[in-house]
Ligand code: UD1
Ligand code: CA
């Protein structure tokens with residue numbers, strides 16, 4: 001393998017994003033776009049990368065710890081040629097070749113870069129591609145014999161040049177000495193008053209035409225950002241479908257690449273799967289759910305519009321619709337968490353159910369427990385959180401409040417409407433509600449009084 005070092009340009013202001021946030025830290029299908037570029041750069045280059053940073057350099061630099069990279073700074077953003085010059089000190093004496101990449105092109109594949117590197121033999125080379133819609137990119141101007149004359153930016157192009165479909169991908173491979181020699185001769189006499197890196201090809205350059213245009217998408221604005229994410233999500237959906245996952249609408253499948261989905265799972269539309277999430281074999285995730293950093297084991301159902309974060313859903317459980325599993329929820333298996341149930345930092349052992357309108361926070365729930373509709377753990381006294389322990393086999397009637405800390409013994413029964421403030425022994429009935437009084441004929445008498453008064 002030839003010695004190659006990447007030079008990643010990431011100092012641009014990203015003006016067209018209209019944001020305070022640096023462009024290269026914008027999220028593309030679940031991670032910042034610069035990560036895609038760095039991963040690819042480090043995979044194809046033997047000697048790591050030099051990254052050119054400008055505004056918000058600190059944020060980007062700390063984000064990029066862990067890559068085989070060093071950083072240089074471009075004080076003023078005077079154009080892509082000036083950005084490369086900022087790396088002169090780091091690269092001028094480098095003996096291998098420099099692969100220049102843009103930090104705003106996250107979709108470029110390793111295969112294309114490898115093919116480009118292998119086929120580039122001139123001192124300066126660049127990669128082009130034909131685009132159906134070349135708008136916004138620099139165009140490749142060729143002579144009658146097909147040789148490259150120059151690259152013209154959209155803003156400098158005349159109407160004939162604008163019709164050219166072959167664009168500059170912004171990817172170059174050059175010998176270091178030759179690169180800096182040519183950069184010394186570049187001026188900023190152009191529409192944008194910038195120093196254009198594209199001008200290095202005027203003195204002759206090798207050109208490599210990439211086969212497919214999709215991966216050469218420069219992210220300059222939010223429309224391109226959305227397009228890049230969409231493309232990645234769609235590819236991921238196709239990949240999962242090949243592996244035996246059903247995705248009912250692959251165009252509305254929003255899934256990070258860290259997610260694992262086992263075969264025979266079904267994912268309905270508008271589902272977002274994030275972070276370290278795993279969906280087990282045969283499980284079904286219904287429309288509108290967001291699941292992050294969670295495990296859903298085999299043969300579970302996550303019904304419509306649930307939010308599940310940092311939680312564990314044991315096999316054959318059913319959650320939702322409209323349930324919220326907050327961090328630290330652990331369902332051991334065969335559980336039912338029904339509609340409008342919120343669970344936080346609570347373990348619920350096998351076969352226990354909370355089917356309707358309930359809040360369970362900081363609780364331990366044993367096996368075979370039934371939590372009635374409208375049950376609430378009063379876990380917070382305004383200063384600290386307290387624990388509710390409900391042991392195996394307990395039956396909780398509807399509309400019960402547990403004022404924590406409190407422990408309910410095995411197989412106890414809590415009567416509907418009770419406010420439980422004291423521990424309950426095993427196999428006991430706890431009832432705490434005022435006794436019912438029936439006043440016979442009261443309504444009839446009231447009606448009589450009203451009709452006399454009229
Ligand atoms: C650039 C190319 C264009 C090509 C396109 C491919 C030039 C003049 N134009 O245009 O031919 O078709 O990429 O996407 O090179 N940057 C700096 N410092 C600067 C300016 C830019 O580091 O002073 C960085 C940006 O962060 C970005 C990259 O260089 O990652 C490209 O800059 P951008 O302004 O996006 O150039 P384009 O107009 O897209
Ligand atoms: Ca760009």
Fill in: Unique match (being more than 15 Å from ligand 2 (Cβ to nearest atom), closer than 28 Å to residue 15 by Cα and under 36 Å from the mean Cα position of the chain (by Cα)) among 150, 88
88
Response to the item:
The one condition residue 186 fails out of (1) within 16 Å of ligand 2 (Cβ to nearest atom); (2) closer than 18 Å to residue 85 by Cα; (3) in contact with a helix residue (DSSP H, G or I) (Cβ under 6 Å, 6 or more places away or on another chain) is (1)
Practice prompt. Inspect all residues belonging to the range 12-26 and state whether any of them is assigned to a loop (DSSP other than H, G, I, E, B), over 21 Å from residue 227 (Cα atoms) and modelled with pLDDT of 95 or more.
Written response: no
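Each row is one residue, and each column tells you yes or no for (1) near ligand 1 (Cβ under 9 Å from one of its atoms); (2) buried (at least 16 other Cβ atoms within 10 Å of the Cβ); (3) modelled with pLDDT under 95.
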{"residue": "68", "(1), (2), (3)": "no, no, no"}
{"residue": "72", "(1), (2), (3)": "no, yes, no"}
{"residue": "84", "(1), (2), (3)": "yes, yes, no"}
{"residue": "87", "(1), (2), (3)": "no, yes, no"}
{"residue": "91", "(1), (2), (3)": "no, yes, no"}
{"residue": "97", "(1), (2), (3)": "no, yes, no"}
{"residue": "103", "(1), (2), (3)": "yes, yes, no"}
Worksheet item: So is residue 124 touching a residue at least 60 places away in the same chain (Cβ under 8 Å) and within 26 Å of residue 39 (Cα to Cα) or not?
Response: yes
Response to the item:
How many residues of the range 319-329 are surrounded by 20 or more Cβ atoms within 10 Å (Cβ to Cβ), without any contact (Cβ under 8 Å) to a residue 24 or more places away in the chain and under 21 Å from residue 259 (Cα atoms)? The answer is 3
Discussion item. When you check residue 232 against the structure, is it within 16 Å of ligand 2 (Cβ to nearest atom) and in contact (Cβ under 8 Å) with a residue 24 or more places away in the chain, yes or no?
Written reply: no
Worksheet item: Which members of the range 127-147 meet the condition of being within 16 Å of ligand 2 (Cβ to nearest atom), surrounded by 15 or more Cβ atoms within 10 Å (Cβ to Cβ) and either without any contact (Cβ under 8 Å) to a residue 40 or more places away in the chain or closer than 15 Å to residue 6 by Cβ (or both)?
Response: 127, 134, 139
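The values are calculated or read from the model by the stated rules, or taken from the named source; none is laboratory data. If you're wondering where the values come from, they're calculated on a predicted model, not measured in any experiment. Glycine also receives a Cβ, built like all others from the backbone with ideal geometry; neighbour counts cover every protein chain displayed.
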